[in-house]
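J.: Okay, handing you the structure first.
A short reminder: the numbers here are calculations on the coordinates, not readings from a lab. If you're wondering where the values come from, they're calculated on a predicted model, not measured in any experiment. Don't worry about glycine lacking a Cβ; one is built from the backbone with ideal geometry, like all the others, and counts go over all protein chains shown.
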Amino acid sequence: MIQLLIVDDEAHVVDRLHATIDWASLGIEQIFKAYSGQEALELLEQFSIDIVITDIQMPGITGLQLIAEINHRWQKTKCILLSGYSDFSYAKEAILQGTEDYLLKPVTEKDLLATVGRVMDKLQKEWQEVFSSQRLAYTFKENLPLLRGNLLNDLLQGRKLSGLSLREKMHMLELPDFHDQACVCMMIRLESDFLEYDMGRLSLMEYAISNMVEELFAEKFDSWPTKDAHDYLVFMMKRKPVASEKEDPAWLERTAAVLQSAVNNYLKGKISILLSSWGEFPADITTLYNASLSAFRKRIGSEHELLMVLGDESAQTELSALQRLYEPPTLNHLLEAARWEDTEEKLSLIFDEMEAKFSESQEHLLEVYFSVASAFAYIAHKNGRPLHQLIGGDYEKMTEGIPFRSVNQLRDWSIRSLHRMREDMDQERKDSRVSLINDIRSFIEQHLASDVSLQSIADHVYLHPVYVSKIYKLETGENLSDYVNRVRMDKAAYVLKNGHDKIYEIATRLGYQRPHSFNHAFKKHYGMTPQEYRDQYSQR
């Protein structure tokens, strides 16, 4: 949606251009008004303005100074100068400042719309260049390492993707085909002098180590690197198909030892390396990763420059832990984002895992109960509500010591409580929005003669103007500016039919600086001037 700002110290010019020009014919829905350069800058800081139409000669910040500031801070915003001064020196200076066009007052609607239309076309072409396939492809290539690392991190944390989706992502990221192949997780911890480096130098060392891994292992292994939340470098490794050569089980460990030595000799730092047991991609990689983390914590600890290879039994120690409960996104994150369907699906996956693996375990049942209850209480309190008000009678279950003896009981309680929370919060949001719309309309009715700009309305309801504008359109299907204009025209028509006030008095009561602006707006809305409208009804 294109957003346009009109700036002029002559209020009647701003009001007339705002009210009488058929901006909708260009697809422009949001028009802002400013009566000084300073006010224009304040609006630019709050809103994403695409086009600015500004007068040249204004007290304080002139139009040329305003344009210079816009070009410095908002390079994508286009500027059009509108002035009564025809001196060529102004036009020359405007061109030097990067103005898109220069129009002389009084400007016709046809010329103004044509100029704004040309500027919109230029904006469209510039954004098309930003999103051009060639440029996007170049940017994508530049960010491939980061995107690859992010995908592997998601998988290590337990994110589930369908086989087809994962294959497509890996193909897009130009990764080797790991699917259904044996893989091993190599985890590297930087130690000793590395810990004293600043972030910039440390990042360079991590990059250097990743390159050394690629150089040393590329002969026999494909590697896929990332950096995890614990600052370990993690590499998912799989053997390359070399049919003519006999497999050497010790090669991987020997090469890891060479890496450790090379880092010490050439980067002057120490690392510990842990090689997991073997598993299948993608089914086992979260288990391999968690087993490696556990081994680093329990068996390497604070010792430096160790090399460890895990046996198959090490991976099994992690299988007694719940996976679905803790894999991302967590219940807290889903509830915070109001992703109700995803939260319910997450709960179903948790309880399916419980039934399959831990149906007889009271400890696991309590673990899930405390996690779910904590998440529900957290989101209720964050929204300023007591949990007992949201879930009603089901809250009593939480005060009965050990409230559930089976997975099905806990499942039913969790899903039922989730539904009640959602219904309550949805209703609260609807009630809040209805109250907001009523408050906005009441303010407009009471302040038509003074200031009913979007900013003044937003200040009244203590919300950001962008939010106010979007919520009003979402709830009513009408732009807020259109509603203000409609209220003014309805009120004007009523007074003209039923009163004897002079036209200029009616214009003032409706917030118009000059009767001329009111006449323009009224004729545009009703197809006749205010006097013609009054005469038409007085003859009946």
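J.: Less than 20 Å from a label point 7 Å out along the Cα-to-Cβ axis of Ile415: which backbone N atoms in region 324-355 qualify, by residue?
T.: Flagged as within label range: 324-326, 331-332, 334-335, 339-355.
J.: How far apart, in nm, are the 7 Å Cα→Cβ label points at Arg405 and Lys491?
T.: Simple spin-label model gives 6.9 nm for this pair.
J.: Using a simple spin-label model with points 7 Å from Cα along the Cα→Cβ vector, what separation in nm is obtained for Thr508 and His464?
T.: 4.0 nm
J.: Give me the angle, in degrees from 0 to 90, between the Cα long axis of helix 480-498 and the longest principal axis of the Cα atoms of the chain, rounded to the nearest 10.
T.: 20 degrees
J.: Tally the DSSP beta bridges in the chain and give the antiparallel ones as a percent, rounded to 5.
T.: On the way: 21 of 43 bridges.
Around 50 percent of the beta bridges assigned by DSSP in the chain are antiparallel ones.
J.: Among rounded, prolate and oblate, which fits region 448-501 when a ≥ b ≥ c are the square roots of the eigenvalues of its C-alpha gyration tensor, a/c under 1.5 means rounded, and a/b larger than b/c means prolate?
T.: Values: a/c = 4.33, a/b = 1.95, b/c = 2.22.
Oblate, since a/c reaches 1.5 and b/c is not below a/b.
J.: Sticking with this structure for a sec: Among Leu366, Ala377, Ala208, flag the residue with its Cα farthest along the positive direction of the charge dipole of the chain, charges on Cβ as +1 for Lys/Arg and -1 for Asp/Glu.
T.: Ala377
J.: Right, another one. Quick one: compute the contact order of region 331-429, relative version, from alpha carbon pairs under 8 angstrom and 6+ residues apart, as a percent.
T.: Over region 331-429, the number comes to 32 percent.
J.: Then there is this: From the square roots a ≥ b ≥ c of the eigenvalues of the alpha-carbon gyration tensor of region 318-471, which class results: rounded (a/c under 1.5), prolate (a/b over b/c), or oblate? Provide the component values of the computation, followed by the final result.
T.: Values: a/c = 4.07, a/b = 2.71, b/c = 1.50.
It comes out prolate by the Cα gyration axes.
J.: Expressed as a rounded percentage, what relative contact order does region 143-313 have, with Cα pairs under 8 Å and six or more residues apart? Walk me through the numbers on the way to the answer.
T.: Values: 224 pairs, mean separation 53.6, N = 171.
Once divided by the residue count of region 143-313, the mean separation gives 31 percent.
J.: Work from the charge dipole of region 464-519 (Cβ charges, +1 for Lys and Arg, -1 for Asp and Glu, about the Cα centre) and give the residue of Val484, Leu510, Val466 farthest towards its positive end.
T.: Of Val484, Leu510, Val466, it is Leu510.
J.: Also, quick follow-up: I'm checking a number: the convex hull volume of the Cα atoms of region 177-331, normalised per residue, in Å³. What is it?
T.: Details: hull volume 20.3 nm³, N = 155.
Each residue corresponds to 131 Å³ of Cα convex hull volume.
J.: Give me the angle, in degrees from 0 to 90, between the Cα long axis of helix 109-130 and the longest principal axis of the Cα atoms of the chain, rounded to the nearest 10.
T.: Here the helix axis deviates by roughly 10 degrees.
J.: How big is the C-alpha Rg of the chain next to the rule-of-thumb value 2.2 N^0.38 Å, as a ratio? Provide the component values of the computation, followed by the final result.
T.: Working: Rg = 33.4 Å, N = 540, 2.2 N^0.38 = 24.0 Å.
Normalised Cα radius of gyration, the chain: 1.39.
J.: What do you get for the angle between helix 133-142 and the principal long axis of the chain? Use alpha-carbon atoms, 0 to 90 degrees, nearest ten.
T.: 40 degrees
J.: Rounded to whole Å, give me the distance from the Cα center of region 112-143 to that of region 29-45.
T.: Comparing the Cα centres of region 112-143 and region 29-45, I get a distance of 25 Å.
J.: Provide the packing ranking of 222-235, 424-437, 278-291, 333-346, i.e. peptides ordered by the mean count of other C-beta atoms within 10 Å per residue, highest first.
T.: On the way: 222-235: 17.9, 424-437: 13.2, 278-291: 19.8, 333-346: 16.3.
Those peptides, ordered most packed to least, come out 278-291, 222-235, 333-346, 424-437.
J.: Is there a quick way to get the dipole size of region 70-203? I mean about its Cα centre, with the Cβ of Lys and Arg at +1 and of Asp and Glu at -1; what is the value in debye to the nearest 20?
T.: On the way: 18 positive and 19 negative charges, 69 e Å.
The calculation lands at about 340 debye.
J.: What percent does the relative contact order of region 447-538 come to when contacts are Cα pairs within less than 8 Å and at least six residues apart? Let's see the in-between values first.
T.: Working: 64 pairs, mean separation 24.0, N = 92.
Relative CO of region 447-538 lands at 26 percent.
J.: Also, I was wondering about something else. Percent of Cα-Cα pairs more than 17 Å apart in region 105-190, please. Spell out each step's value before the answer.
T.: Numbers: 2479 of 3655 pairs.
It works out to 68 percent of all Cα pairs.
J.: Right, something else. If the only charges are +1 at each Lys and Arg Cβ and -1 at each Asp and Glu Cβ, what is the size of the charge dipole of the chain around the Cα centre, to the nearest 20 debye?
T.: Details: 61 positive and 82 negative charges, 266 e Å.
Computed about the Cα centre, the dipole is about 1280 debye.
J.: Taking the Cα centre of region 447-538 as origin, sum charge times position over the Cβ atoms of Lys and Arg (+1) and Asp and Glu (-1), and report the length of that vector in debye to the nearest 20. Could the numbers behind the result be given before it?
T.: Details: 12 positive and 10 negative charges, 38 e Å.
Dipole magnitude for region 447-538 comes out near 180 debye.
J.: Positive end of the charge dipole of region 2-133 (Lys, Arg +1 and Asp, Glu -1 on Cβ, about the Cα centre): tell me which of Ser48, His12, Met120 has its Cα farthest that way.
T.: Met120
J.: Hey, can you rank 53-66, 295-308 by average C-beta count inside 10 Å, highest first?
T.: Details: 53-66: 19.7, 295-308: 13.5.
Descending mean neighbour count gives 53-66, 295-308.
J.: Something else now. Using a ≥ b ≥ c from the Cα gyration tensor of region 2-133 (square roots of the eigenvalues), is it rounded, prolate or oblate, where a/c under 1.5 gives rounded and otherwise the larger of a/b and b/c decides, a/b for prolate? Provide the component values of the computation, followed by the final result.
T.: Details: a/c = 1.35, a/b = 1.21, b/c = 1.11.
Rounded.
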